[in-house]
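K.L.:
Let me begin by handing over the structure; questions about it come next.
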Amino acid sequence: MIVSGFDFRMRPAQPHITVEDYRRAARAKVPAFVWAYVDGGAEDLVTLRENRTGFSAWSLRSRVLTGVGTPDLSTTIAGMNISLPVMIAPTGYTGLVQWHAEVSAVRAAERAGTRLVASTASSWSLEEIAEAAEHDHCFQLYPREGDLAAKLMHRAWQAGYRTLFVTVDVPTIGLREGEQRLGMSMPPSMTPRRALNIARHPLWAYRALRHKRMAGRNFVSGGSLRETAESISIATRHLVQATLSWDDLAWMSDQWKGRLYVKGVLDPEDAIKAVSVGADGVVVSNHGGRQLDHAISSIAALPDVVAAVGDRAEIILDSGVRRGTDVIKALALGAKGVLIGRPYVYGLAVEGQLGVERVLEIFRSEMERAMILMGVGSVRDLDRSWVIARSGRSDDADDRSTRFHSSIRPH
Ligand SMILES: Cc1cc2nc3c(=O)[nH]c(=O)nc-3n(C[C@H](O)[C@H](O)[C@H](O)COP(=O)(O)O)c2cc1C
């Protein structure tokens, strides 16, 4: 319908302009048990919430009349040139949400000038994901000495992955009670109420049955219920082990010829150990608040990890990143880039590949706008001088004086 020169068809009924908009829209697209899996967190959700509120402990400095035009967001992570310091985190069983999962995600990442970290428990095999991509991406694995890990590392190398992310914060699976209440188990526990809830999502149910992308396809070749159960059992039995130690990581580091990042570090001493066994970088992460409840938020953990290994290793942050300003704060505190988990899954649920592209675009435009308002021209210029700790921090006064001296630039 065209009225007075305006084309109303061009305007979506409800535009999604923030990650939170995508979150709300995503919830309606999938059954309750899938939503509990994606959006839930451990126990009382304290860490999940603090992953968000932690960013508010820092204010952004803003300088005026700096003549900054479009800011430069390009950087390198693990030797890869990317034009947006926001990469896609590994998420397992994403085919539950949208059957084309990682294939859409890897294409969207490339369109946005960034990269994907493919999960061990991906819904497409690591070879299929590599085939859908033009560039080399990253592969995530759990630390485990032995055949399965060796085979997966070999397959990943053959398929062209050159950076390995070893996830160390899953010695056991966190207690996500929302999933338990909704029967998220293998096989799924079904009640009439749950069946009714699935029946209310006919498109989701049709695609799930037709495309069968709910299994971890690095472990099994098909998507039947039996294979899905088998893939989950392999993942939990062989990869998630409480007895793992630094020796396992050292073994992986010896086996892997490319770059290696340790994902799930919150303690500076662990960061030092990771570097000492050969890690090129660490991901400061609490797994999006899905593992240990009451663990420190990632943004609160970041400064001490940077102080411990920032001069020797690349540092990436994830957990709770929802805004361009969150990325800016992480970079200013010493991270080279961030990973986003749930935000990309929301985009995928709502609009498939396009949704992931839009979510990445939201991060880009929010970062650009904030950096113009701050008066900073490049992500490479972001340092501690661009953030101000809110009151109550003992290093506040020191911070300010260093910031003042280090930030005076000739004009
Ligand atoms: C549904 C879901 C599945 C995940 N699966 C994995 C996984 O297979 N391997 C892994 O290392 N991390 C996994 N994670 C953790 C993410 O890689 C990342 O650390 C976390 O999502 C970041 O927090 P955010 O969701 O707040 O961005 C998963 C997260 C979610 C939400």
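The values are calculated or read from the model by the stated rules, or taken from the named source; none is laboratory data. Just so we're clear, the structure is a prediction, and the values are computed from it rather than from any experiment. Glycine also receives a Cβ, built like all others from the backbone with ideal geometry; neighbour counts cover every protein chain displayed. The protein model used for the area step is the full one, side chains on, heavy atoms only, and it has no ligands, DNA or RNA in it. Shrake-Rupley method; radii C 1.70, N 1.55, O 1.52, S 1.80 Å.
K.L.:
Residue 184 accessible area, nearest 10 Å², 1.4 Å probe?
P.N.:
Per-residue accessible area (residue 184): approximately 60 Å².
K.L.:
Relative to the present Cα-Cα distance, how much length would full extension add between residue 254 and residue 24 at 0.36 nm per residue of separation? Mind dumping the intermediate values first?
P.N.:
Working: separation 230, 0.36 × 230 = 82.80 nm, distance 4.40 nm.
Full-extension gain reported as 78.4 nm.
K.L.:
Hey, another quick one. Have a look at 238, 34, 302 and report the one farthest towards the positive end of the charge dipole of the chain, computed about the Cα centre with Cβ charges (Lys/Arg +1, Asp/Glu -1).
P.N.:
34
K.L.:
For the pair residue 205/residue 361, report the inter-label distance in nm, with labels modelled 7 Å from Cα in the Cβ direction.
P.N.:
So the two model labels end up 3.4 nm from each other.
K.L.:
Report the semi-axes of the equivalent ellipsoid for segment 1-153 in whole Å, largest first, where each axis is √(5λ) for an eigenvalue λ of the Cα gyration tensor.
P.N.:
Values: eigenvalues 193, 114, 91 Å².
Value: 31, 24, 21 Å, ordered largest first.
K.L.:
What are the ³J(HN,Hα) couplings of segment 92-107, residue after residue, when phi is run through the Karplus curve with 6.51, -1.76, 1.60 and θ = phi - 60°? Round to Hz, x for glycine and proline.
P.N.:
Taking θ as phi minus 60°, the curve returns x, 6, 5, x, 4, 8, 8, 4, 7, 4, 5, 5, 5, 5, 5, 5 Hz for segment 92-107.
K.L.:
Turning to a different aspect of this structure: How much length is gained on full extension from residue 236 to residue 147, taking 0.36 nm per residue of separation minus their Cα-Cα distance?
P.N.:
Gain on stretching residue 236 to residue 147: 30.5 nm.
K.L.:
Between 322, 237, 61, which gets the highest mean-square fluctuation from a Gaussian network model of the chain, Cα cutoff 10 Å?
P.N.:
Residue with maximal mean-square fluctuation among 322, 237, 61: 237.
K.L.:
Just to verify a number: FRET efficiency for residue 56 and residue 185, C-beta to C-beta distance, R0 = 41 Å, to 0.05?
P.N.:
So the FRET efficiency works out to roughly 0.70.
K.L.:
I'd like the FRET efficiency for residue 267 and residue 177, computed as 1/(1 + (r/R0)^6) with the beta carbon distance as r and R0 of 30 Å, rounded to 0.05. Let's see the in-between values first.
P.N.:
Numbers: r = 26 Å, r/R0 = 0.86.
FRET efficiency, residue 267 to residue 177: 0.70.
K.L.:
State the extension gain, in nm to one decimal, for the chain segment bounded by residue 131 and residue 65, taking 0.36 nm per residue of separation less the distance between their alpha-carbons. Don't jump to the answer; show the numbers that get you there.
P.N.:
Values: separation 66, 0.36 × 66 = 23.76 nm, distance 4.72 nm.
Contour length minus the Cα-Cα distance gives 19.0 nm.
K.L.:
Quick one: the Cα spread of segment 191-302 along its three principal axes, in angstroms, biggest first?
P.N.:
Dimensions of segment 191-302 along the principal axes of its Cα atoms: 51, 33, 24 Å.
K.L.:
Let's test the formula: R0 of 41 Å, r as the Cβ-Cβ distance of residue 246 and residue 49. What FRET efficiency results, to the nearest 0.05? If you can, show how the numbers build up before the last one.
P.N.:
Working: r = 31 Å, r/R0 = 0.76.
FRET efficiency, residue 246 to residue 49: 0.85.
K.L.:
Let me ask something else about it. Give me the percent of accessible area attributable to carbon and sulfur for segment 67-114, probe 1.4 angstrom. Intermediate values should be presented prior to the final figure.
P.N.:
On the way: 610 of 1360 Å².
Here it works out to 45 percent.
K.L.:
Further, regarding this structure: Give me P(r) over segment 149-228, computed from all C-alpha to C-alpha distances, binned every 5 Å, as integer percentages.
P.N.:
3, 11, 13, 18, 19, 15, 11, 8, 3, 0
K.L.:
Putting +1 on Lys and Arg Cβ atoms and -1 on Asp and Glu Cβ atoms, find which of 161, 214, 146 reaches farthest to the positive end of the dipole of segment 134-290.
P.N.:
Working it through, the farthest residue towards the positive pole turns out to be 214.
K.L.:
With label points built 7 Å along Cα→Cβ from the Cα atoms of residue 193 and residue 311, find their separation and express it in nm.
P.N.:
5.8 nm
K.L.:
Step by step: find N for the chain, compute 2.2 N^0.38 Å, then divide the Cα radius of gyration by it. What's the final number? Could you put the intermediate results ahead of the total?
P.N.:
Numbers: Rg = 21.4 Å, N = 411, 2.2 N^0.38 = 21.7 Å.
Working it through for the chain, the quotient is 0.99.
K.L.:
Calculate, for the chain, the solvent-accessible area per residue in square angstrom, rolling a 1.4 angstrom probe over the heavy atoms of the protein chains.
P.N.:
46 Å²
K.L.:
Modelling each spin label as a point 7 Å along the Cα-to-Cβ direction, I'd like the residue 83/residue 380 distance in nm, to one decimal.
P.N.:
1.7 nm
K.L.:
Moving on. Dipole magnitude of the chain about its Cα centre, charges +1 at Lys/Arg Cβ and -1 at Asp/Glu Cβ only, in debye to the nearest 20?
P.N.:
Numbers: 50 positive and 46 negative charges, 282 e Å.
With only Lys, Arg, Asp and Glu charged at Cβ, the dipole is about 1360 debye.
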